[in-house]
Amino acid sequence: MTGEIERHEYDVVIIGAGGAGLRAAVECLAKKVRTALVCKSLLGKAHTVMAEGGVAAALGNVWPEDNWQVHFRDTMRGGKMLNNWRMAQLHAQEAPDRVLELEEWGALFDRTGDGRILQRDFGGHRYARLAHVGDRTGLELIRTMQQRAVSEGIDVYMECKIVRLTKDESGAVNGAVGFFRETGRFVAFSAKAVVLATGGIGKAWKFTSNSWESTADGQALALWAGADLIDMECVQFHPTGMVWPPSARGLLVTEGVRGDGGVLKNSDGRRFMFDYISPYFAKETADTIEEGDRWYDDKSFRRPPELLPRDEVARAINSEVKAGRGSPHGGVFLDIASRRSPEEIKRRLPSMYHQFKQLADVDISTDPMEVGPTCHYANGGVRVDADTARTTVAGLYAAGEVAGGLHGANRLGGNSLSDLLVFGRRAGLAAAEHALGTTGRPSLDEAAVAEVVSHAASFFNDDGGESPYVVHADLQETMQNLVGIVRTESELVEAGQRLGELTERAKKVSVSGARVFNPGWHLALDLESMLSCAKCTMLGALERRESRGGQTREDFPKADPELEKVNMVTRLSGDEVTVTPEAKPVMPDELAKLFEEAK
Amino acid sequence: MMPIDTEPGTGGQPLPAEHKEPPSSRVPAEIVMKLWRGDAGGGEFVEYRLPAEEGEVVLDVVHRIQAHDAPDLAVRWNCKAGKCGSCSAEINGRPRLMCMTRMSTLPPGEPITISPMRGFPIMRDLVTDVSYNFEVAKQIPALRPGPKPPEGYRMAQIDIDRGQEFRKCIECFLCQNVCHVIRDHEEHKAHYAGPRFFVRLAELEMHPLDTLDRRAYIRERMGIGLCNITKCCTEVCPEDIHITDNAIIPLKERVVDAAFDPIAWLGRKIRRRPSPMSASEVAALGAAARSEASGGG
């Protein structure tokens, strides 16, 4: 029934063709190792295309005062110090070179008057730091690297879903088994190293900025292969998603709107962010409208609170709406129309202009937008070694959103695109070197391959099970309502119970039709990974009894200094997911000093 | 119900006038949507009826049909925000993105037909085989920047404005879908790049850092001469790229200049020292194209 299994052998197999996967591929090609790039959609469609505002890199083109130390510090403070210090250091140090090399491959960033790369302001960044192309920077990155990889002769396997990784007798990852969505044909890749670059987990929530692909595939593949995940509870809710029309709810509104001068107002017309300046950021945040407005042109003033990190702004909007001061459709107002000229708005934010005009019939150059928080990003993820992106399982690497550590409890805007570049390259390099140092050919455990295939095919049955769409909708309701922006123990316990029930239901769903491009079947398999990772998030949220970044506990509203020192590690123990607090790497003194000096 | 091959194409024909009413709450209570269902062997339009909901786009309705009535309905989509170019289809015969077509802009009370892009082989339902585009992409000679000055490259905004327009392309392939050179002449696909890749080639040719001379290649291997500038591609571009005026016509001029007036062409590439593609480079790109059938995705 399952047909012949297509076979391929490579040195490195990269799963995911967003920014991180493409950058890893480019690096592997440079190392001349046989490389396959496997992606769930067509090439060039990955979620990276939706990144809007820019890529953070301390180029110092607009503010020469900027440097990697400042970027490092901003990143750590934005992440509420839960970040892996070494990742944050490498990221801040290497991002400028990674951006500049894109230019040599054809990227056309917006320019300064003297012909260098222009940089824009974003939340949590001390200086204007985001290299950008209007508000479609992600598209520029993905297209640049896609074109580079294609011109270097990359082998791409499109519309291919990986169901499980395979391992050899020593426990090292040596391949991946999946199927082509277009044809339903099964495929097994053998490889000396596998790089996970599969992105996020957002589709487990109801209101999300994520595309259908963000179903936690890589996190789950790693978990099932025995790797550790960290801090999965730190989910980023982006403060500004569209709230109307209902079908567009959750769609991202770039932070660039605020970076370029947009402000948040409640139904009383008040710039309410001034009421939500936490003591943690009080020293660097303007407390009057006059000072905040002067900051855009003079960085000796303090930053307006609309540009606090995302977790702070999302919580503030949530509180305003709960207090009855929201907009007609349950958000707040984001107003740039009264602050910048229509021409400037259309030039700086063309895709936002287009998106609101087309989908909501709102002209953002004359009227305010209605916005509210939307599930956006997994700050946590697969536990990796900072320098090599190696996971806790031999032969397996992870980079980009699927990996955890760099962003700590909350990611700053613009740091995801730089993350992709810096750690995509490092993962590709380490995987290629691992492959070059590995003798012999990987040989797959045929029984394991057959088991994966038969499991995947098992959803086609006449058992009269539920539709996977129904189980998915219930999962999204559960996560939205019980594991959302603000959490509490009783709700998390209830979520745990419901996730258990949903897992049982997901095992019994039935799929009709044939294997050729059958979205119901794809969803049945995506549900497995979403449910596994939803459990990790729930367990981490339960165990981390504090509020920090993307983890907000109503019953523990303050940060606990002891918990700053630990990652919440989730892993498989038998068939069960367990959570364990484990000490995270300690920052060396010379870097710790950067934070004292700043005080 | 009617088979797809009787569906009139729009390539070269005036596109149906778009319903210009402003979006409103006048959407009727029930939607009647006729979706093409089938595969390469044939198929038919299947009618679905469902209640209307506020503010929906066509893709939302398709998703609701998928979730309730047809879980195996094949449709490509990713971002649902007009940024990835996955959900291209022909809506009432008009090539568009399903995610950016609001229901309230379609004629109220009338059935809506959704068919797959006609210019590509059908795989299943609304999903077509667009691999032709990815094969052409392999044949595009990459950017070849000149030596990097010690202080790094500098480019003036004014010199990259046009390139940035071209790089807005989301590769929805609607322009390829309506281009008659290939829509009605499958045989041309072997030696014709199509509008999307003329945009890409124009971008490279106008790139301030580029030093490669692709003119002979564009004329001889990319088939620029076959385009007869009917502007169908420009009309369907969801990113409003002026494909014909800003990319294809200047590209045609350059190629002609190269053949008949090398001095005029050199004048445009001033400050650069273009080097022609070597025979081995051309052969390598051809080999990439021919390896298409042998797999490798």
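The values are calculated or read from the model by the stated rules, or taken from the named source; none is laboratory data. The structure presented is a predicted model; accordingly, all values stated were derived computationally and were not measured. Positions of Cβ are generated from backbone atoms using ideal geometry, with glycine treated the same way; all protein chains shown enter the neighbour counts. To get the accessible areas, we keep the full protein, side chains included, count just its heavy atoms, and leave off ligands, DNA and RNA. Shrake-Rupley method; radii C 1.70, N 1.55, O 1.52, S 1.80 Å.
Quick one: count up the residues across the range A:452-467 that are touching a strand residue (DSSP E or B) at 6+ places or on another chain (Cβ under 8 Å) and surrounded by fewer than 18 Cβ atoms within 10 Å (Cβ to Cβ).
1
Before we move on, is A:G404 buried (at least 24 other Cβ atoms within 10 Å of the Cβ) and under 21 Å from A:R77 (Cα atoms)?
Answer is yes for this residue.
Kindly indicate the residue of the range A:361-385 that is hydrophobic (A, V, I, L, M, F, W, C) and open to solvent by 10 Å² or more (accessible area, probe 1.4 Å) and also nearest to the other protein chains (Cβ to nearest Cβ) among those meeting that condition.
Among residues in the range A:361-385 that are hydrophobic (A, V, I, L, M, F, W, C) and open to solvent by 10 Å² or more (accessible area, probe 1.4 Å), the one nearest to the other protein chains (Cβ to nearest Cβ) is A:V362.
For the range A:319-335: of the residues being among the hydrophobic types (A, V, I, L, M, F, W, C) and within 18 Å of A:L251 (Cα to Cα), which is nearest to the other protein chains (Cβ to nearest Cβ)?
For the range A:319-335, the residue satisfying everything is A:L334.
Among the listed residues A:R98, A:R120, A:R164, identify the single one that is touching a residue at least 60 places away in the same chain (Cβ under 8 Å) and closer than 30 Å to A:V187 by Cα.
A:R164
Taking the criterion of being open to solvent by 50 Å² or more (accessible area, probe 1.4 Å), under 21 Å from A:R390 (Cα atoms) and part of a helix (DSSP H, G or I), would at least one residue in the range A:443-451 satisfy it?
No: the range A:443-451 contains no residue that is open to solvent by 50 Å² or more (accessible area, probe 1.4 Å), under 21 Å from A:R390 (Cα atoms) and part of a helix (DSSP H, G or I).
Just one of A:H329, A:H407 is modelled with pLDDT under 95 and either farther than 30 Å from B:T105 by Cβ or part of a loop (DSSP other than H, G, I, E, B) (or both); which is it? So that I can check it myself, show each step before the final result.
Values: A:H407 fails: modelled with pLDDT under 95.
Criteria check complete, one pass: A:H329.
Hey, does the range A:250-261 have a residue that's of a type in the set (A, V, I, L, M, F, W, C), open to solvent by 10 Å² or more (accessible area, probe 1.4 Å), at pLDDT 95 or above and within 19 Å of A:G372 (Cβ to Cβ)? Steps first, please.
Within the range A:250-261, the subset of a type in the set (A, V, I, L, M, F, W, C) is A:251-253, A:257.
Now drop any that are not open to solvent by 10 Å² or more (accessible area, probe 1.4 Å), which leaves A:251-252.
Going one step further and asking which of them are at pLDDT 95 or above, we end up with none.
Taking every residue of the range A:250-261 in turn, none turns out to be of a type in the set (A, V, I, L, M, F, W, C), open to solvent by 10 Å² or more (accessible area, probe 1.4 Å), at pLDDT 95 or above and within 19 Å of A:G372 (Cβ to Cβ).
Scan the range B:190-199 and tell me whether some residue there is modelled with pLDDT of 95 or more, over 28 Å from A:Q355 (Cβ atoms) and either crowded, with 23+ Cβ neighbours inside 10 Å or not basic (K, R) (or both).
Within the range B:190-199, one or more residues are modelled with pLDDT of 95 or more, over 28 Å from A:Q355 (Cβ atoms) and either crowded, with 23+ Cβ neighbours inside 10 Å or not basic (K, R) (or both).
Tally up the residues in the range B:208-239 that are touching a residue at least 24 places away in the same chain (Cβ under 8 Å) and at positive phi, please.
Qualifying residue count for the region: 1.
What number goes with the only condition from (1) within 21 Å of A:D363 (Cβ to Cβ); (2) at pLDDT 95 or above; (3) touching a Lys or Arg at 6+ places or on another chain (Cβ under 8 Å) that A:G269 does not pass?
Among (1) within 21 Å of A:D363 (Cβ to Cβ); (2) at pLDDT 95 or above; (3) touching a Lys or Arg at 6+ places or on another chain (Cβ under 8 Å), A:G269 violates only (3).
For the range B:151-174, name all the residues that are farther than 30 Å from B:E90 by Cα, facing another protein chain (nearest Cβ under 7 Å) and assigned to a loop (DSSP other than H, G, I, E, B).
Our first condition is that a residue be farther than 30 Å from B:E90 by Cα; within the range B:151-174, this holds for B:151-161.
Applying the additional criterion that residues be facing another protein chain (nearest Cβ under 7 Å) yields B:152-157, B:160.
The answer is B:G152, B:Y153, B:R154, B:M155, B:A156.
Working only within the range A:198-232, note down all residues that are among the small types (G, A, S) and open to solvent by 10 Å² or more (accessible area, probe 1.4 Å).
The answer is A:G199, A:G226.
Tally time: how many residues in the range B:77-103 are in contact with a Ser or Thr (Cβ under 6 Å, 6 or more places away or on another chain) and either at the interface with chain A (Cβ under 7 Å from one of its Cβ atoms) or among the small types (G, A, S) (or both)?
4
Return the pair list, or none, for Cβ contacts closer than 8 Å from residues in the range A:305-334 that are outside the structural domain of A:V486 (by TED's automatic domain parsing) and surrounded by 19 or more Cβ atoms within 10 Å (Cβ to Cβ) to residues that are of a type in the set (V, I, T) and assigned to a helix (DSSP H, G or I), at least 6 apart or on different chains.
Correct list of pairs: A:E306/A:V313; A:G331/A:I317; A:G331/A:V321; A:V332/A:I317; A:V332/A:V321; A:L334/A:V257.
Within the range A:544-559, identify whether any single residue is within 14 Å of chain B (Cβ to nearest Cβ) and under 22 Å from the mean Cα position of the chain (by Cα), and answer yes or no.
no
To keep it simple, each residue is scored yes or no on (1) open to solvent by less than 20 Å² (accessible area, probe 1.4 Å); (2) assigned to a helix (DSSP H, G or I).
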position	(1), (2)
A:Q476	no, yes
A:G484	yes, no
A:L499	yes, yes
A:V509	yes, no
A:H522	yes, yes
A:S529	yes, yes
A:K535	no, yes
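I'd like to check which helices (runs of 4 or more DSSP H) are fully inside the range B:194-248 and have at least 2 residues that are within 14 Å of chain A (Cβ to nearest Cβ) and out of contact with any Gly (no Cβ under 7 Å at 6 or more places or on another chain).
Counting at least 2 such residues, we get B:195-205.
How about the range A:272-295: which of its residues are out of contact with any Lys or Arg (no Cβ under 6 Å at 6 or more places or on another chain) and either open to solvent by less than 30 Å² (accessible area, probe 1.4 Å) or not assigned by TED's automatic domain parsing to the domain that holds A:N318 (or both)?
Of everything in the range A:272-295, those that are out of contact with any Lys or Arg (no Cβ under 6 Å at 6 or more places or on another chain) and either open to solvent by less than 30 Å² (accessible area, probe 1.4 Å) or not assigned by TED's automatic domain parsing to the domain that holds A:N318 (or both) turn out to be A:F272, A:M273, A:S278, A:F281, A:G292.
Take the residues of the range A:125-143 that are closer than 12 Å to A:G18 by Cα and of a type in the set (A, V, I, L, M): which is farthest from the other protein chains (Cβ to nearest Cβ)?
Among those that are closer than 12 Å to A:G18 by Cα and of a type in the set (A, V, I, L, M), it is A:L141.
Does any residue in the range A:490-508 that is free of Cβ contacts under 8 Å to residues at least 12 places away in the same chain come within less than 7 Å, Cβ to Cβ, of a residue that is crowded, with 21+ Cβ neighbours inside 10 Å six or more places away or on a different chain, and which pairs are these?
A:E491/A:L482
Residues being open to solvent by 20 Å² or more (accessible area, probe 1.4 Å) and at the interface with chain A (Cβ under 7 Å from one of its Cβ atoms): count how many of those fall in the range B:122-133.
Counting residues in the range B:122-133 that are open to solvent by 20 Å² or more (accessible area, probe 1.4 Å) and at the interface with chain A (Cβ under 7 Å from one of its Cβ atoms) gives 2.
Quick one: in the range A:156-170, of everything that is open to solvent by 50 Å² or more (accessible area, probe 1.4 Å) and in a strand (DSSP E or B), which residue is nearest to the other protein chains (Cβ to nearest Cβ)?
A:R164
At pLDDT 95 or above, within 13 Å of chain B (Cβ to nearest Cβ) and surrounded by fewer than 24 Cβ atoms within 10 Å (Cβ to Cβ): which single residue out of A:E182, A:E152 fits that description?
The unique qualifying residue is A:E152.
For the range A:222-229, state whether one or more residues are within 14 Å of chain B (Cβ to nearest Cβ), at pLDDT 95 or above and outside any loop (DSSP other than H, G, I, E, B). Full working, then the answer.
At the first step, the residues of the range A:222-229 found to be within 14 Å of chain B (Cβ to nearest Cβ) are none.
No, there is no match, as no residue in the range A:222-229 is within 14 Å of chain B (Cβ to nearest Cβ), at pLDDT 95 or above and outside any loop (DSSP other than H, G, I, E, B).
Take B:H180 and decide whether it is touching a residue at least 60 places away in the same chain (Cβ under 8 Å), over 29 Å from A:E103 (Cβ atoms) and over 12 Å from the mean Cα position of the chain (by Cα).
Yes; evaluated as a whole, the condition is true for this residue.
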